[in-house]
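Take a look at the structure set out below.
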Amino acid sequence: MSYRYKKWFFLTLVLILGLAACAPNSSRADTPANDPPESEPVPEEASAVEAETSLPVERPPSGAEAQFSTDFSKHSISYSEVLSGGPPKDGIPAIDDPSYVSIAEADAWISDVEPIVFVQVGDNVRAYPLQILTWHEIVNDVLGEKPLVVSFCPLCNTAIAFEREFDGQILDFGTTGRLRYSNLIMYDRQTETWWQQATGDGVAGEYTGERLTFYPASIISWEDFKTEYPDGSVLSRDTGFNRSYGTNPYAGYDDINQTPFLFDGNYDDQLPPMARVLTVELNGETVAYTYDLLDDEVAINDQVGGVSITVFWTEGTASALDSPQISSGRDIGTAVAYSREVAGQTLTFGLDNGFIRDLETGSTWDIFGQATDGELAGESLTPVVAVNHFWFSWAAFQPETRVYQP
């Protein structure tokens with residue numbers, strides 16, 4: 001990315017988001033949620049939190065003390081690593097009182113290939129369209145009586161859900177307007193602790209050194225979601241804000257030949273900075289699976305932190321960061337991860353005549369980890385927390401990561 005292009009991109013993005021931040025709220029009608037169905041996915045194993053170190057006394061990021069009541073004397077990162085993303089605190093507004101619509105209603109404004117964040121709590125399922133999350137980045141929600149925050153950082157391509165119940169209270173999250181390694185820094189409104197979205201770590205304030213609990217969330221296509229869950233609920237466009245939902249203010253950002261925006265870390269040259277990877281962290285081991293390899297292999301078997309996992313890939317999901325209209329984004333596919341332990345055995349998966357099948361029983365499996373045919377029909381794989389990243393982001397936060405090779 002040339003200096004001229006970077007400057008143009010930065011000014012354009014700040015202008016778009018700045019104007020959006022100043023836009024008046026729209027009126028909203030409360031839409032009752034569907035009664036979604038309840039499945040206990042496997043929580044991510046805890047891994048080492050960024051250590052709270054004895055850092056030199058530093059001034060907080062410019063303007064932060066005037067905007068936040070955060071205890072900035074407590075921090076586990078150098079404030080020199082924190083950059084302004086353009087909009088101020090809450091300039092990109094979180095959705096705090098979400099409403100929902102049915103599949104039929106949402107189908108009028110979501111195209112089949114559009115990416116959504118899929119979250120399931122027991123039998124309760126919900127879709128969070130990236131055409132909405134791109135403009136808000138955070139949704140404070142409750143699904144199946146579980147308080148969750150669903151977050152999306154467009155600059156790193158990270159869609160991550162966390163449990164909001166923490167230290168005996170329910171946290172509500174907002175955007176700080178700051179980035180570290182190009183990644184969203186959130187804050188909670190109860191203590192104004194700053195949280196790194198990519199890691200879930202408290203990096204400044206009362207909960208410095210603590211970590212939020214990840215909850216499984218995956219980016220899949222709208223077509224896959226509505227086909228599998230016709231009674232699911234969908235985050236409504238009726239957010240209370242006037243935004244150009246469906247358009248992409250980051251058009252062209254995910255070009256593999258470009259360089260990241262507002263990233264001042266070191267590049268790991270194992271992969272291009274903008275390469276897409278699905279990442280897994282279990283029992284202290286971190287692994288990245290490239291989308292290029294997944295496109296070829298479709299099903300991968302691996303062990304991470306002593307846990308046998310599989311990664312599935314399927315075509316049909318558009319990039320949210322390619323075309324000015326998200327529905328026109330190029331097909332980058334969907335990648336998801338599951339435990340390979342099911343029905344008392346460890347399965348081995350592969351591609352057979354266009355279908356994912358396990359070698360042990362010959363059963364056929366879909367992208368949701370469900371056996372659709374064969375001896376194990378009706379069985380389900382247990383989700384593993386897996387997060388999409390651009391390579392530069394994952395490598396910055398997890399420099400010891402392994403890049404999967406067959």
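The values are calculated or read from the model by the stated rules, or taken from the named source; none is laboratory data. Keep in mind that this is a model prediction, so the values were computed, not measured. Ideal geometry is used to build each Cβ from the backbone, glycine not excepted, and the neighbour counts take in all protein chains shown.
Scanning the stretch 154-180 for residues that are over 27 Å from S62 (Cα atoms) and of a type in the set (A, V, I, L, M) turns up A159, I160, A161, I170.
Considering each of V139, V113, V117, V121 in turn, give the residue that is over 24 Å from D201 (Cβ atoms), β-branched (V, I, T) and at pLDDT 95 or above. Steps first, please.
Values: V139 fails: over 24 Å from D201 (Cβ atoms); V117 fails: over 24 Å from D201 (Cβ atoms); V121 fails: over 24 Å from D201 (Cβ atoms).
Unique residue meeting the criteria: V113.
Among residues of the stretch 138-158 that are on the phi > 0 side of the Ramachandran plot and surrounded by fewer than 23 Cβ atoms within 10 Å (Cβ to Cβ), those with a beta-carbon under 8 Å from a residue that is modelled with pLDDT of 95 or more and not charged (D, E, K, R) at least six positions away or on a different chain give the pairs G144/V121; G144/G122; G144/N124; E145/V121. Exactly one residue out of I185, I256, I220 is modelled with pLDDT under 95 and either out of contact with any helix residue (DSSP H, G or I) (no Cβ under 8 Å at 6 or more places or on another chain) or on the phi > 0 side of the Ramachandran plot (or both): that is I256.
Provide a single number: the residues in the stretch 62-106 that are touching a His at 6+ places or on another chain (Cβ under 8 Å) and either of a type outside the set (V, I, T) or not in a strand (DSSP E or B) (or both).
3
Pairing each residue of the stretch 335-363 that is assigned by TED's automatic domain parsing to the domain that holds V384 with any residue that is of a type outside the set (S, T, Y) and modelled with pLDDT under 95, provided the two are 6+ apart or on different chains, yields C-beta distances under 7 Å for S339/V42.
Name the one entry in R276, R330 that is buried (at least 22 other Cβ atoms within 10 Å of the Cβ), among the basic types (K, R) and either under 21 Å from V385 (Cβ atoms) or more than 17 Å from the chain's Cα centre (by Cα) (or both). Answer to the selection: R276.
Using the structure shown, decide if E281 is over 21 Å from A106 (Cβ atoms), acidic (D, E) and surrounded by 21 or more Cβ atoms within 10 Å (Cβ to Cβ). Against the criterion (over 21 Å from A106 (Cβ atoms), acidic (D, E) and surrounded by 21 or more Cβ atoms within 10 Å (Cβ to Cβ)), E281 qualifies. For beta carbons closer than 7 Å, sequence separation of 6+ or different chains, a first residue in the stretch 163-187 that is under 14 Å from F263 (Cβ atoms) and a second that is modelled with pLDDT of 95 or more and of a type in the set (D, E), the qualifying pairs are R180/E81; L184/E137. Of all residues in the stretch 100-112, those that are within 20 Å of T247 (Cα to Cα) have Cβ atoms under 9 Å from Cβ atoms of residues that are among the polar types (S, T, N, Q) and part of a helix (DSSP H, G or I), 6 or more apart or on another chain, in W109/Q131; I110/Q131; I110/S327; S111/S327; S111/S328; D112/S327.
For the stretch 79-102, which positions are touching a Gly at 6+ places or on another chain (Cβ under 6 Å) and at negative phi? Of everything in the stretch 79-102, those that are touching a Gly at 6+ places or on another chain (Cβ under 6 Å) and at negative phi turn out to be G85, P87, P88, K89, G91, A94.
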